[in-house]
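All remarks here apply to the structure that follows.
Rule-based calculations on the coordinates, nothing more; no lab input. Fair warning: this is a prediction, and the values are worked out from it, not measured in the lab. Every residue, glycine among them, receives a Cβ derived from its backbone with ideal geometry; neighbour counts consider all protein chains shown.
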2 protein chains.
Amino acid sequence: MKAAILTIGDELLIGQVVDTNSSWMAQQLNFVGIRVSEKVSIGDDASAITKTLKRLLNEVDFIFITGGLGPTKDDITKHTLAAFFGDTLVMHEPSLENVKRIFKNAGREINRVNIQQGMQPSKAGIFINHNGTASGMCFENDNKVVVSMPGVPFEMKAMMLHQVIPMITQRFHKVNIIHKTICTQGIGESFVAEKIEDIESSLPENIQLAYLPSVGQLKLRLSGYGSATEKEINAYANKITERISENVFGFGEDILEEVIGRLLKQEGKTLSTAESCTGGYIAHLITSIPGSSSYYKGSVIAYSNDIKIKQLGVNEQAIEEFGAVSKQVVEQMAAGVMKITGSDFAIATSGIAGPDGGSPEKPVGTVWIAVAGKSGIFSKDFKFGDNRERNIVRASLTALSILRRKFLITAKE
Amino acid sequence: MKAAILTIGDELLIGQVVDTNSSWMAQQLNFVGIRVSEKVSIGDDASAITKTLKRLLNEVDFIFITGGLGPTKDDITKHTLAAFFGDTLVMHEPSLENVKRIFKNAGREINRVNIQQGMQPSKAGIFINHNGTASGMCFENDNKVVVSMPGVPFEMKAMMLHQVIPMITQRFHKVNIIHKTICTQGIGESFVAEKIEDIESSLPENIQLAYLPSVGQLKLRLSGYGSATEKEINAYANKITERISENVFGFGEDILEEVIGRLLKQEGKTLSTAESCTGGYIAHLITSIPGSSSYYKGSVIAYSNDIKIKQLGVNEQAIEEFGAVSKQVVEQMAAGVMKITGSDFAIATSGIAGPDGGSPEKPVGTVWIAVAGKSGIFSKDFKFGDNRERNIVRASLTALSILRRKFLITAKE
């Protein structure tokens, strides 16, 4: 089964917004075994929409559309689709009720334009939008399916996940697909490939493994098709996880900073950080998780040596002798912040993020990371790359990962 | 003149990467007055590429392609384009030299596959890639132009900005377009529209104003076409800037945290921060700018009241009496971090980022911000929204903006 994704909106063509919808949709469709052969973005233009629909209906089984369903004049997707399928708009009571509900909750008056949002094509299947006023639509024609959804990402995502994909997989594309994603940190694609070469080559034809890398992280996704069972997939996932267990921090949609928060909460432990080269990014990751105030005490961002000395109690002589980017200093930073915050664990970083500040002995990308707990301090140096932004992200995720591997997992056992 | 953007790569269709290239390219093209009527993503598939090229050549004047120029087997764009235009590949010495240079700089051996990257279509114009091994190509055919560039964003961007756009505007699309972008913080689209209503309606037909909002920021772009002069554009930009001068932090590609860094450097002043609800995001913004260590001392991220008291010297009684999210506490935080770091200026934040922790008096989104200088402290409370992520960003940008408006600009005068 082949699909196309069509995103509609003038704002996409002047580059005002980055279209994140279509890659997310492609991922979800891929997930249930529907292959996307093309993604197209066009403007709010009836003739372009009609022309593109005609062309795509000759090439694919499904077309998934987002955008152009708002209440203003320039949103023309609904009218254009109805005309294309020879349909007319009629008042759809559940859609109107939904619009009224949303306005009532927001304490706002409903006007004539908003009431129009209750009008829907008479022959289409309608998806009520629980997060907004624009309903989704599903047209069926000659065994082809055209689904239209709102363009606001969180409205589209909820509709796609909870209504569109279940409908598609139940009615049109009955598949048995099982996924299991393994989330890793601190190990590269080629290293994993080498370590699990024998497992990968022993996979039966109906089970596939995909490598999904991003800065500082790597996800491994096992997908079983047809007769593959959950037990089989889990067995392979376990084999892979055993082989690289140090680096596996979670499964599925797990996020490293959330996993760490969960582990700290379970143990009733607290964390603080002392950041130099990561400049607050670790603190930002941790505090981006709701409820983090229950286990995160805070941080001292010691960009200057002065703060390292005065606030964190780093030995001035150690900085002079070994430099700020050194085992000695980063360990003292971790111990220092643990002491002043009274936390159970502490993370410290000191490095050269770049582009300047490197030397032959300590080139740009050199980062020392220390993690301290009541049981002792672990520290290690890393050589990341020459891109400041990526160095900050990689050092931060690596530091969180060390906390998990060396202290939280052990503490749990 | 109409253009299409064609991005090629299997990774785009499985949703592994978000295509940021095409929106950036659309922006640049829009900038020189070339209207993008369609963006398409397809896989590394010769028949799909050929079919799409044929179709688009009937519809637009320019096609800008990225992707599929790598050295591996699945990168087929170069061969497919050469075949499409009835051309053959020949060794292009400057391209080969470029490949050799890059391998030499990286201290790596060049192999047979890499040498193949020197081969280019004989009739195409070639763009040397200063940041990578894949050259760009330009085919001309029946007054239509097809440009192919590498898919790696920073390689493509440098090639597009410094080679492709200058070539296009000199040879094919001679336009007189002048842009001036005004960068603002702390004022919404509708407020600006109201404040400059008379200026906007007085704009001549050949000068247009676009509102480009993002979280916590708003850019206003004036574009003059045809006979519009730079003097005219500047006069309107000045009029608008005067009207909302408090909120204008820069022009063109200015970034708030970079502007602040520049102002601090000019004055030889230093900054520190004390963050509660923003959790390190202000520190992260500041330290994401190369060279920030010369003016940024560091931060105390006081997520717990304990740290507010012990590290920043906040009065325990003030927390009890007024709460951590209060004028009193945030002012003491700013004064405290300024004292311990010895910086000239300090920023402090305390608020309820959400989703939990709100109360009827202080709902989610309430944030107190204080900025301290040698001349005194300025503080103010804000009501942002109910989205944690957006609240953190908005509070951080607002705090930086206050530093600029209340202390740095004054200091300059």
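Using helices alone, what [θ] at 222 nm do you get for chain A, with -39,500 (n - 2.57) per DSSP H run of 4 or more residues, divided over all residues and rounded to the nearest 500?
Numbers: 18 runs with 158 residues, N = 413.
The helix contribution divided over chain A gives -10500 deg cm²/dmol.
How do A:VAL371, B:VAL18, B:VAL99, A:VAL314 line up, fewest other C-beta atoms within 10 Å first? Kindly include the intermediate steps, with their values, before the conclusion.
Details: A:VAL371 30, B:VAL18 17, B:VAL99 21, A:VAL314 26.
The fewest-first ordering by Cβ neighbours comes to B:VAL18, B:VAL99, A:VAL314, A:VAL371.
Each copy carries B:LYS144; placing its label point 7 Å along the C-beta direction from Cα gives inter-copy distances of 2.3 nm, listed from smallest up.
What is the average number of partner chain Cβ atoms found within 10 Å of a Cβ in B:287-297? If you can, show how the numbers build up before the last one.
Numbers: counts 12, 7, 2, 6, 3, 3, 9, 2, 1, 4, 6.
Mean number of neighbouring Cβ atoms from other chains: 5.
For A:24-31, what's the mean count of beta carbons from other chains sitting within 10 Å of each residue's beta carbon? Spell out each step's value before the answer.
Numbers: counts 2, 1, 8, 5, 1, 3, 4, 2.
Neighbouring Cβ atoms belonging to other protein chains average 3 per residue here.
Per-residue Karplus couplings for region A:85-101, computed as 6.51 cos²θ - 1.76 cosθ + 1.60 with θ equal to phi - 60°, are listed in order as 8, x, 10, 10, 8, 10, 5, 10, 4, x, 5, 4, 4, 5, 4, 4, 4 Hz, Gly and Pro entered as x.
When we measure straight from the Cα of B:LYS308, which aspartates and glutamates land under 16 angstrom away, once same-chain ones fewer than 8 places off are left out? By straight Cα distance, B:LYS308 reaches B:GLU275, B:GLU316, B:GLU320, B:GLU321, B:GLU331.
Taking a ≥ b ≥ c as the square roots of the eigenvalues of the Cα gyration tensor, region B:236-368 is oblate, since a/c reaches 1.5 or more and a/b is not larger than b/c. Overall, the anisotropy analysis places the protein assembly as shown in the rounded class: the square-rooted eigenvalues a ≥ b ≥ c of its C-alpha gyration tensor yield a/c less than 1.5. Per-residue mean of foreign Cβ neighbours for A:33-44 is 5 (Cβ atoms of other chains, 10 Å radius). Each other copy places its own label point for A:ALA106 at 5.1 nm from this one, sorted shortest first, where the point lies 7 Å along the Cα-to-beta carbon line. When only DSSP loop residues count, what GluC sites (Glu not before Pro) in region B:124-214 have their Cβ near at most 11 other Cβ atoms within 10 Å? Sites meeting the loop and neighbour criteria: B:GLU205. Here's the list of lysines a cross-link from B:LYS2 could span, going by alpha-carbon distance under 18 Å and ignoring same-chain residues fewer than 8 apart: A:LYS51, B:LYS39, B:LYS54, B:LYS144, B:LYS174. Taking the C-alpha atoms only, the angle from helix B:46-57 to the longest principal axis of chain B is near 80 degrees.
For A:LYS265, a cut-off of 16 angstrom between C-alpha atoms picks up these lysines, skipping any fewer than 8 places away in its own chain: A:LYS297, A:LYS412. Take every Cα pair under 8 Å whose residues are at least 6 apart in sequence, average their separation, divide by the length of region A:177-251, and the relative contact order is 48 percent. 3J(HN,Hα) along region B:392-404, derived from phi through the Karplus expression 6.51 cos²θ - 1.76 cosθ + 1.60 where θ = phi - 60°, amounts to 4, 5, 5, 5, 5, 5, 5, 5, 4, 5, 5, 4, 5 Hz, with x in place of Gly and Pro.
Figure legend: label point modelled 7 angstrom from the Cα of A:ARG390 along Cα→Cβ; residues of region A:212-240 with amide N under 15 Å from it are A:213-218. With θ taken as phi - 60° and the Karplus curve 6.51 cos²θ - 1.76 cosθ + 1.60 applied, the whole-hertz 3J(HN,Hα) list for region A:122-133 is 5, 9, 7, x, 10, 9, 6, 8, 6, 10, x, 8 Hz, x standing for glycine and proline.
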